[in-house]
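Undergrad: Sending over a structure as C-alpha cells; questions will come in a sec.
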Amino acid sequence: MENTLDLQEALEHIDPAGLSYQEWVSVGMGLKEAGYPASAWEDWSRRDGKRYHPGECLRKWDSFTGNTEPVTGGTVVKMAMDRGWRPSTSQPGHELSWDDEISAKDEQVIVNPAWLESKEIQEPTDSKWRPAHDLIEYLGTLFSPDDYVGYVTETFEAEDGERKPTRGNYDRTAGQLIEALKKCGDDLGAVLGDYDPGTGAWIRFNPLDGKGVKNDNVTAFRFALIESDSMDLGEQNAIIRELELPVACLVYSGGKSLHAIVRIDAASYEEYRTRVDYLYSVCEKNGMKVDKQNRNPSRLSRLPGAKRNNHKQFLVDTNLGKASWTEWREWIENVSDDLPDPENMADAWDNLPQLAPPLIEGVLRQGHKLLLAGPSKAGKSYALIELCCSIAEGRPWLGFSCAQGRVLYVNLELDRASCLHRFRDVYEALGQPPKHLGSIDIWNLRGRSVPMDKLAPKLIRRARKKEYIAIVIDPIYKVITGDENSANQMADFCNQFDKVCTELGCAVIYCHHHSKGSQGSKRSMDRASGSGVFARDPDALLDLIELPIGKDLRKQEINNAVGRACRLALQAAGKLDEVSQDDLCSEKAALAACEAVLGTQEYKDTVRAAEAAKRVAEARTAWRIDGTLREFPKFPPVNLWFDFPVHLNDESGVLADIDPEGDTTDWQRAMQKRKPKEVKAKERKDSIALAFEACGIEGKVTISALAEYMGVTEKTARNRLKEHGGFWIDDGEVGKK
C-alpha cells in the first residue's frame, strides 16, 4: 500500500532542539529514503538555532548512501506520533490496515467537538478599559517583584517588509515596573516607551537575568505559551477552559488569537521541553491547533494594555483551570482514562447484573480466561482442538458440558496442513459427526507470529464482527513479550488477554508448559513455568500432570484392549456365545479362544486387530486434571487416558488411586528426602523467592502472607528470609534489598 503520509506535517510536531544527534541524523535518513529533498531537512533543522550550521545538512545528506536495513520515513512518523501527532490515516472513519492499533478511547482526549460550545470574548469599551491595571495584574501574576522582565515596544522592518519586534528592554524588575505603572495614569508609553499602535507591544512571560533575552538568560522556567492563529477565538477560549489548563494569564492578542500563559513550573530547561511537548500533545489531541513556534521559554507574547491595529491587547482572565502543572497533569491522566467510576454497593444490591453464562460448565464463564498447563507430550494442543470441536458442536469436553457457538483457533506452531489434519483426526477419533464445521475458524500464523501486544489489536480487528464465544491461542510461548520469570512483565503480557476479552466479549483460552523437574509434589497452580502470574491471572487454571502406569495396570489395559478386539471379531462372526467371558479378560486366552472357533482368515484378521489394539494400549498415557477456579467451586480431579489423538475420561476408575509421584516404597521415599545440605538450602532459597513473587502480585508482601503461602510458621518464614539474604523485614513487611 502506497505511503501517503505527509512527513512535512509530521516534522511540525518534532522539535529538533529536543533530539539527540543520532535522532536528528535519523530524521534526515528517513526523509531521504522517503524521497524528500535535502532542503526539507535543512529547513526543519533551522528551528534549532543553537545547533544549526548552514550547509551541514547538505554535506551529511550526500553520505546517506543506503543500507541493508535503512531508516525509513516510518521513523519520522513514529517520532511525531510519540509527541502527540496523529496522521489523518489514523483517524476514525478510514479502512484499518494490518498495523493499525485499536483502542476504545484515546487517552488524554477530553474535548468532544460535537458538544463544544464557543465562548466569545468581549473587547472592553474605551471607557471601561484600564491599560495600566491590566499590565499591573499581569506582572503581579507572573513575576516576583525582583524578577527582571523583558518587553518590547520598538520594531524594525524585515526583508519581507513586515515589522518585527527588536530585542527590547530587559533591565527592569517587575517591582520597578509596577510602581511606575501605578503613577502613569494609563500612559504606558511613559513607563515602557512609546510603541506603534499599528503593531502593538510584546512581553516575555518568563523572568530573565537582566543580561539578555535568549533561552540561556531565562532564570525560571515557569510558563509556556499556547496560541493558535487558525481557529475561531470563541473555540480557542472554550477548549482552553474545557481542558482546565493551568492558565496564569489569558490575553487577547489584538489579532486572531488568544495567548494562554500556562503554568509549567519546570526545574530545568530539559524538564521544560518535556512538559511543553506533553502540553502541546494534549492540546492537539483535543482539537487545539497550537502554533509550534512558541515552544522556547524566552518567547515573546502580547503585552496587555497596548493597542494593535485599532484592537486592544487586553487581559481576558487570570488563574484559570487547575492551580498547578502537577494538579493538571494528574487530572488529565485520571479524567481521560478508560477506567470506570466506583459504584456504591447499596445502589447495586437489589439490581445485580447477570453473571456471564458458562462456556465450560463449572469451569469457565464466557468472556473470561482459561489457562491449560502441562508438560510436553501431554497432548495440550490436541486437548485445545478437542475443546474447539466441543464448543462448535455443543458437546462435552473431558466430561464438562460446553456452550455452543463460534470459536477461533489461533495456530502459532503447526503448518497449515498439519493443523487442518489434526482437526479432522480429532473429530474422527471422538466419533462426532462434524455438523457445525462452519463454527470453527483457524488463523494460521506459523512463521508470522508477532508479540502479543502487537497481535492483540490485529486479532481484535479480525474478530470484531465474527461473534466468537471463545478464542484459543496455541501456544503462548510464541507470542510472549518480556521475561517469563518477571512478575511485572508477565502481568503486562497477560493484560493483552484481558484486552481481547473486553473488546470482543469472548473467552480467551491458552496453554503454557510446566517448569522443569518433578511436579507431583507441587500445587497445580505452581507447576507452570515462569512467574506465578501465569497461574494467578486466568479465571480458570486447568493443570495436566502425568500418572505413572505400573506394570500390572499396563498389563491389565493390554488384556482389556485385546479382549475388546477379540469380542468385536467374535460378534461379527456370530460366535460370541461360544466363548467364555472369562477368556476375554486375558490376552492369551482371548486369542486362543478365537483360534478355536474362527476360520483361518477370520483368525488372522483378529490377530492383526488385536496387535493394533495392543500397540495403542502400550502407547496410552494416563493424566490427571486439577482445577484452580475463580468463579466456581473446585471440582474433583479428573483422570484421563491420552489415547492419541484424543483424551478420554477414565470411566473404570483405575487411575483414581495413582500417586503422581509414582509407586515408591516407604524406604525409597525416605532415601529421596536425604538430600545434601547445599541442595536443601538452595530449595529453601528458591521457595522463599517463589513465595515472595507470588504474594507480590497483590501488592505489599507480609511475613504472614509468605508463611501462609509456604505452609510454614511465621518464625520459619523469617528464618528463610534471613538465610536468603536478599530481603529486608520491617514491622512484618518484606521487600527486596
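Undergrad: Each residue of the range 116-127 in turn: what ³J(HN,Hα) in whole Hz from Karplus with 6.51, -1.76, 1.60 and θ = phi - 60°, glycine and Pro shown as x?
TA: My calculation for the range 116-127 gives 6, 9, 4, 10, 5, 10, 10, 6, x, 6, 4, 6 Hz in order.
Undergrad: If ligands, DNA and RNA are left out, what is the accessible area of residue 545 with a 1.4 Å probe, given in Å² to the nearest 10?
TA: Number for this one is 10 Å².
Undergrad: Still on this model: Ordered by packing density, taken as the mean number of other Cβ atoms within 10 Å over each peptide's residues, highest first, how do 383-391, 249-257, 574-582 rank? Display every interim value, and only then the final one.
TA: Details: 383-391: 24.2, 249-257: 21.2, 574-582: 12.2.
Result, highest mean Cβ count within 10 Å first: 383-391, 249-257, 574-582.
Undergrad: Between the range 13-33 and the range 600-661, what is the C-alpha centre distance in whole Å?
TA: Cα centres, the range 13-33 to the range 600-661: 63 Å.
Undergrad: If you average the C-alpha positions of the range 364-441 and of the range 181-218 separately, how far apart do those two centres end up, in angstrom?
TA: 76 Å
Undergrad: Under 29 Å Cα-Cα from residue 680, which lysines qualify once same-chain neighbours fewer than 8 residues away are excluded?
TA: 516, 522, 700, 715, 722, 736, 737
Undergrad: Using only alpha-carbon positions, what ratio does the radius of gyration of the range 207-331 give when scaled by 2.2 N^0.38 Å? Spell out each step's value before the answer.
TA: Working: Rg = 14.0 Å, N = 125, 2.2 N^0.38 = 13.8 Å.
Its radius of gyration relative to the 2.2 N^0.38 Å reference: 1.02.
Undergrad: Any number yet on Rg/Rh for the range 126-283, C-alpha, Kirkwood?
TA: Values: Rg = 16.1 Å, Rh = 16.9 Å.
The Rg/Rh ratio comes out at 0.96.
Undergrad: Mind pulling the angle between the C-alpha long axis of helix 452-463 and the longest principal axis of the chain? Nearest 10 degrees, somewhere in 0 to 90.
TA: It is inclined by approximately 80 degrees.
Undergrad: If you don't mind, there's one more thing I want to ask. For the range 373-428, calculate the relative contact order in percent as a whole number, restricting contacts to Cα pairs under 8 Å that are 6 or more residues apart.
TA: Working: 44 pairs, mean separation 17.2, N = 56.
Normalised by residue count, the contact order of the range 373-428 is 31 percent.
Undergrad: With both bridge residues required to lie in the chain, what share of the DSSP beta bridges run antiparallel, to the nearest 5%? Present the calculation step by step, with values, prior to reporting the outcome.
TA: Numbers: 56 of 81 bridges.
Bridges in the chain are about 70 percent antiparallel.
Undergrad: Okay, moving on. Helix 551-573 against the longest principal axis of the chain: what's the angle in degrees, Cα atoms only, rounded to the nearest 10?
TA: Value to nearest ten degrees: 70.
Undergrad: Further, regarding this structure: Using the structure shown, select from 377/454; 182/256; 289/369; 380/458 the pairs with a Cα to Cα distance greater than 32 angstrom.
TA: On the way: 377/454 29 Å; 182/256 30 Å; 289/369 43 Å; 380/458 25 Å.
From the list (377/454; 182/256; 289/369; 380/458), the Cα-Cα distance tops 32 Å for 289/369.
Undergrad: Determine the sum of side-chain charges near residue 311: Lys and Arg each +1, Asp and Glu each -1, restricted to other residues whose C-beta is under 13 angstrom from that of residue 311. Please list the in-between numbers first.
TA: Working: positive: 256, 302, 307, 308, 312; negative: 123, 126.
Around residue 311, the charge tally is +3.
Undergrad: Where does helix 269-285 land angle-wise versus the long Cα axis of the chain, in degrees 0 to 90, nearest 10?
TA: That helix lies at roughly 80 degrees to the long axis.
Undergrad: Over the Cα atoms of the range 312-466, compute the convex hull volume and normalise it per residue, giving Å³.
TA: Details: hull volume 41.4 nm³, N = 155.
It comes to 267 Å³ per residue, whole-number rounded.
Undergrad: Per-residue ellipticity at 222 nm for the chain, helices alone: DSSP H runs ≥ 4 residues times -39500 (n - 2.57), over residue total, nearest 500 deg cm²/dmol? Kindly include the intermediate steps, with their values, before the conclusion.
TA: Details: 24 runs with 273 residues, N = 737.
Result for the chain: -11500 deg cm²/dmol, rounded to the nearest 500.
Undergrad: Let me know the volume per residue of the alpha-carbon convex hull for the chain, in Å³.
TA: Details: hull volume 191.7 nm³, N = 737.
Spread over its residues, the Cα hull of the chain gives 260 Å³ apiece.
Undergrad: In the range 447-480, what trypsin sites (Lys or Arg not before Pro) fall in a loop by DSSP, with at most 10 other Cβ atoms inside 10 Å? Working shown, then result.
TA: Details: sites: 448, 454, 458, 461, 462, 464, 465, 466, 478; in loops: 448, 464, 465, 466.
When the trypsin sites (Lys or Arg not before Pro) of the range 447-480 are filtered for loop state and at most 10 Cβ neighbours within 10 Å, 448, 465 remain.
The values are calculated or read from the model by the stated rules, or taken from the named source; none is laboratory data. Keep in mind that this is a model prediction, so the values were computed, not measured. When we count neighbours, we look across all protein chains shown, and the Cβ atoms used for this are built from the backbone with ideal geometry, even at glycine. Each accessible area value is taken on the protein alone, full model and side chains, heavy atoms only, with ligands, DNA and RNA left out. Shrake-Rupley method; radii C 1.70, N 1.55, O 1.52, S 1.80 Å.
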